[in-house]
Amino acid sequence: MTSKQIRKQFLDFFESKQHEIVASAPIVLKDDPTLMFNNSGMAQFKDFFLGYKKPSSLRIADTQKCLRVSGKHNDLDDVGKDTYHHTMFEMLGNWSFGDYFKKEAIEWAWELLTEVYKIPKENLYVTVFEGDKKDGTAQDDEALNLWKKYVADERILFGNKKDNFWEMGETGPCGPCSEIHVDIRSIEEKNLVPGRDLVNQDHPQVIEVWNLVFMQFLRKADGSLEILPAKSIDTGMGFERLAMVLQGKTSNYDTDVFQPLIQELEKISSKKYGSDFTTDVAFRVVVDHLRAVSFAIADGQLPSNSGAGYVIRRILRRAISYGYRFLDLNEPFIFKLIPILQNQMGEFFPELEKQSNLVTEVIKEEEASFLRTIEQGLVRLDNFIQNNSELKQIPGDVVFELYDTFGFPADLSRIIAEEKNLSIDESGFESEMEKQKQRSKSATSFSASDWTVLFDDATEEFIGYDYLETDVKITRYRKVENKTGTFYQLVFQATPFYAESGGQVGDTGFIENEFERIEIINTKKENNLIVHFAEQLPQNINAPFKAFVDKERRNHIARNHTATHLLHEALREVLGTHVEQKGSYVGPDYLRFDFSHFNKLTEDELHEVVKKVNQKIIARIPLDERRSVPFKQAIEEGATALFGEKYGDVVRIIKYGTSIELCGGTHVPNTADVIMFKLQSESSSAAGIRRIEATSGLAAIEELKEIYTKYNQIIHELKNPAEPLDAIQKLLDENKELKSQIEKFTAQQANLEKETWRNTFQNINGINFLAVKTNLDANAVKQIAFPLRKELENVLLIVASNSNGMPSITVAISDNLVEEKGLNAGQIVRDLAKEIQGGGGGQPFFAVAGGKDVSGLDRALEKAKLII
């Protein structure tokens, strides 16, 4: 049975049980502060469990793309070392939202596994929650009695909270669960050790294949459990593990999910999978990580230096590193596997096909960049070892800097250290890693009290498309603390405030009544709640208020948002239909638009894009807005949907003439209200991604006014020339000539100083020593010092330079003194640089340091004389 057939049979089975089959949600989550990535099948249904939204059907089934590389569920370090852990994996699942519960979930799971997939019943074990005293939860006797209808007592096991109580995060929906484990060992192995003794013991052939979670609690911020309004079912079955079982393999990587990728990688690397453990680990890491990174990019998450993008970059670099170290691949290679992946999974996940060029180009460029980084890291590490030959251990902070700043793998530092008979300060490295984790955690973490619910039946509706002020009452509130201070989050029964979403910033404004006024400083979404941020809590929380959105700010934002739509269409008209939005920022001050394109835009292209946007503004095109349009119908009508966004069953269409997009943002009623569009910059955002920043409306007018004012000032300074560009060119030519003359004078001065220095060396203890002060810059000093260390014997030259108030120290040493006397210019210059409040380094024979304190140069020279 192929993996495609396995997936189809699962979905067909639950469709026959009246489940609606839905598409996988994007891997990267939005509007959920508790999760960075979709790490389980249930993440996209969290709002349904919390009661914030109603599902289109009470029964749903799907296969969800999941990523477990951060937070509580983090499998990254295990990937490659065993045969069944993955970063990206598919989670087959069936769901009930207040409909069926344990009886049906258990019955259907057993039917599918034993009757449809025909897994031998004697190979299956199930677990039941034993209860937990701390939480006050009892043994799950209901599940136990249901399982006894199908499974013998000796194959029913009890599990503790760790194994049999499922929680998505620190807070949120949770409940007891029953795991189904399968024993695929040989008969001889089964006779030696019973399968029940190996359940949950990380045995590679006795594995959990399906988890049935019985959602009945909500974990609150204080750790307590609250019963959910309705009992629900959340199941998750590992697709890759299921394929291993049904295809009679002993490793996930031996199935047709991974084998086509592995076989292609064998051709690329000329290595053989199965030859030795280290090589096998490298193969598994590469093919696993390729899947994770490809799906993340296809869903709109590009590698970057922060947040989810940093995690994706880290995964990709781990794969590149393994290929470089163990498969001898020092040229980009991972991108070559993408066609195989698309052929395997593109039918069910069309985003892989549609985003093919972007995924390929981004991965290829990231590979090329990181391989250069590896080479640079090798040079840096080698220089450190040479300049610190007395050390037997590489400090942890040095290894961490290479890892954190330059992306150089710590494992690679360890290998190089071992080759040179050195070790790594592991505790120091781990200490630096922990500091980084704490910095990262403090930068993003927040603590929140539980919601205080005042009106539980409130609809909490957004009415901000039509109204900027309305009467409100607070339905729930809580206190939140983060690194910037203490805030209060308020939820209203209806709100005119737009919550940050789709690149558009949240609204600000205030609520007031006759007794007090509370400023709303931001508006965001958390799951499906619109949350208003305030620095203080109303004195009478139950009192009615009137809410007012900052109208002028909202209008600026609306202009910029409409401008991004017009820009998107103009870019597609000028560059081609391959252009797709890959990110945006829409604020009151400016707009930023990221889009897929692989070349820098020419001046002509930029001019044409700006012209087209302004032509659409001048054309006075009215807004055609339609709400609650079925998603499928909107797509059929030609509306543009963004990859990586999770759309509901019904959507909102924003149309200005031929520009048609699905969008939840705020817009102006007519393109003429944008007033004008002005380009600020065009640049590269990431591999295969260009970025345009621009302004519109009054901000654009003010920017043009500022440019015109500066232009007039320049003309005035140039004495009002008839041809300003000719006058500027004349100044540039004169400046170039003067620089050339200065360089000649500097060279003459350097030659004079060189002869003076040559005659000033003192022979001390067999060393030609000179410590001298000059006003030449470091580059001119280098032009003197390098020849002198070779022209004279046994040279130790130390030069203190004060060039226009910029202090520097240069140390040059003859090669024989480095070899015979053990002198090291890098060590010397680092010591002397302390006197000028600076630092530096270089080779053992030549090193330079810069600093801040010019007065320390004399002290440095005096200190230098002590070296001899």
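The table below gives the values:
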{"quantity": "Residue in region 158-175 that is modelled with pLDDT of 90 or more, touching a helix residue (DSSP H, G or I) at 6+ places or on another chain (Cβ under 6 Å) and part of a strand (DSSP E or B) present", "calculated": "no"}
{"quantity": "Lone qualifier among Leu412, Leu358 - being aliphatic (A, V, I, L, M) and over 22 Å from Thr278 (Cα atoms)", "calculated": "Leu358"}
{"quantity": "Residue list for region 397-426, filter: touching a strand residue (DSSP E or B) at 6+ places or on another chain (Cβ under 7 Å) and part of a helix (DSSP H, G or I)", "calculated": "Val399, Ser413, Arg414, Ala417"}
{"quantity": "Unmet criterion (only one of (1) of a type in the set (Gly, Ala, Ser); (2) within 27 Å of Leu662 (Cα to Cα); (3) outside the structural domain of Gly657 (by TED's automatic domain parsing)) for Gly576", "calculated": "(3)"}
{"quantity": "Residue within region 567-577 that is free of Cβ contacts under 8 Å to residues at least 24 places away in the same chain, part of a loop (DSSP other than H, G, I, E, B) and closer than 30 Å to Phe677 by Cα present", "calculated": "yes"}
{"quantity": "Residue count, region 259-275 (criterion: part of a loop (DSSP other than H, G, I, E, B) and within 23 Å of Glu331 (Cβ to Cβ))", "calculated": "5"}
{"quantity": "Qualifying positions in region 651-678 - assigned to a strand (DSSP E or B) and surrounded by 18 or more Cβ atoms within 10 Å (Cβ to Cβ)", "calculated": "Val651, Arg652, Ile653, Ile654, Lys655, Tyr656, Ser659, Ile660, Glu661, Leu662, Phe677, Lys678"}
{"quantity": "Cβ pairs under 7 Å, 6+ apart, first in region 590-605 and in the same structural domain as His561 (by TED's automatic domain parsing) and within 17 Å of Leu358 (Cα to Cα), second among the small types (Gly, Ala, Ser) and surrounded by 16 or more Cβ atoms within 10 Å (Cβ to Cβ)", "calculated": "Phe593/Ser584; Asp594/Gly583; Asp594/Ser584; Asp594/Ser685; Ser596/Gly688; Phe598/Gly688"}
{"quantity": "Region 748-768 - residue that is in contact (Cβ under 8 Å) with a residue 24 or more places away in the chain and assigned to a helix (DSSP H, G or I) and, of those, farthest from Val795 (Cα to Cα)", "calculated": "Gln749"}
{"quantity": "Criterion violated by Glu189 - all others in (1) more than 25 Å from Ala243 (Cα to Cα); (2) at pLDDT below 95; (3) surrounded by fewer than 21 Cβ atoms within 10 Å (Cβ to Cβ) satisfied", "calculated": "(1)"}
{"quantity": "Odd one out for Asn383 among (1) touching a Lys or Arg at 6+ places or on another chain (Cβ under 8 Å); (2) surrounded by fewer than 18 Cβ atoms within 10 Å (Cβ to Cβ); (3) not in a loop (DSSP other than H, G, I, E, B)", "calculated": "(1)"}
{"quantity": "Residue check for Ala619: surrounded by 15 or more Cβ atoms within 10 Å (Cβ to Cβ) and among the aliphatic types (A, V, I, L, M)", "calculated": "no"}
{"quantity": "Residues of region 782-814 classified as in a helix (DSSP H, G or I) and over 45 Å from the mean Cα position of the chain (by Cα), total", "calculated": "9"}
{"quantity": "Residue list for region 206-265, restricted to those being touching a residue at least 24 places away in the same chain (Cβ under 8 Å), surrounded by fewer than 16 Cβ atoms within 10 Å (Cβ to Cβ) and among the β-branched types (Val, Ile, Thr)", "calculated": "Thr250"}
{"quantity": "Members of region 679-721 found to be part of a helix (DSSP H, G or I), under 24 Å from Thr508 (Cβ atoms) and out of contact with any His (no Cβ under 9 Å at 6 or more places or on another chain), listed by number", "calculated": "Ala700, Ile701, Glu702, Glu703"}
{"quantity": "Per-region count, region 331-372, residues crowded, with 18+ Cβ neighbours inside 10 Å, of a type in the set (S, T, N, Q) and at pLDDT below 90", "calculated": "1"}
{"quantity": "Test: residue in region 596-606 that is in a helix (DSSP H, G or I) and under 18 Å from Leu642 (Cβ atoms)", "calculated": "no"}
{"quantity": "Residues (over 20 Å from Ala558 (Cβ atoms) and either small (Gly, Ala, Ser) or in a helix (DSSP H, G or I) (or both)) located in region 616-638", "calculated": "Ser628, Phe631, Lys632, Gln633, Ala634, Ile635, Glu636, Gly638"}
{"quantity": "Residue within region 824-834 that is surrounded by 14 or more Cβ atoms within 10 Å (Cβ to Cβ), polar (S, T, N, Q) and within 12 Å of Ile867 (Cα to Cα) present", "calculated": "yes"}
{"quantity": "Those residues of region 667-692 which are free of Cβ contacts under 8 Å to residues at least 60 places away in the same chain and not hydrophobic (A, V, I, L, M, F, W, C), in sequence order", "calculated": "Pro669, Asn670, Ser681, Ser683"}
{"quantity": "Out of Glu130, Glu115, Glu111, sole residue that is more than 27 Å from Asp299 (Cα to Cα), touching a helix residue (DSSP H, G or I) at 6+ places or on another chain (Cβ under 9 Å) and surrounded by fewer than 15 Cβ atoms within 10 Å (Cβ to Cβ)", "calculated": "Glu111"}
{"quantity": "Residue satisfying condition, being within 27 Å of the chain's Cα centre (by Cα) and aliphatic (A, V, I, L, M), within set Ile660, Ile653, Ile689, Ile675", "calculated": "Ile689"}
{"quantity": "Residue list for region 218-237, filter: under 18 Å from Phe45 (Cα atoms) and either outside the structural domain of Pro173 (by TED's automatic domain parsing) or modelled with pLDDT of 90 or more (or both)", "calculated": "Ser232, Ile233, Asp234, Thr235, Gly236, Met237"}
{"quantity": "Exclusive hit being small (Gly, Ala, Ser), assigned by TED's automatic domain parsing to the domain that holds Val781, over 22 Å from Gly766 (Cβ atoms) and without any contact (Cβ under 8 Å) to a residue 40 or more places away in the chain, set Ala833, Ala825", "calculated": "Ala833"}
{"quantity": "Number of the exception - Asn555 against (1) under 30 Å from Val609 (Cβ atoms); (2) under 28 Å from the mean Cα position of the chain (by Cα); (3) surrounded by fewer than 20 Cβ atoms within 10 Å (Cβ to Cβ)", "calculated": "(2)"}
{"quantity": "Residue check for Thr774: under 41 Å from the mean Cα position of the chain (by Cα) and in contact (Cβ under 8 Å) with a residue 24 or more places away in the chain", "calculated": "no"}
{"quantity": "Asn528 vs. criteria assigned by TED's automatic domain parsing to the domain that holds Leu490 and without any contact (Cβ under 8 Å) to a residue 40 or more places away in the chain", "calculated": "no"}
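Residues checked against (1) out of contact with any Pro (no Cβ under 8 Å at 6 or more places or on another chain); (2) closer than 30 Å to Pro55 by Cα:
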{"position": "Leu566", "(1), (2)": "yes, no"}
{"position": "Gly576", "(1), (2)": "yes, no"}
{"position": "Arg592", "(1), (2)": "yes, no"}
{"position": "Ala634", "(1), (2)": "yes, yes"}
{"position": "Thr640", "(1), (2)": "yes, yes"}
{"position": "Lys646", "(1), (2)": "no, yes"}
{"position": "Asp649", "(1), (2)": "no, yes"}
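The values are calculated or read from the model by the stated rules, or taken from the named source; none is laboratory data. The structure presented is a predicted model; accordingly, all values stated were derived computationally and were not measured. For neighbour counting, all protein chains shown are included, and Cβ atoms are generated from backbone atoms with ideal geometry for every residue, glycine included.
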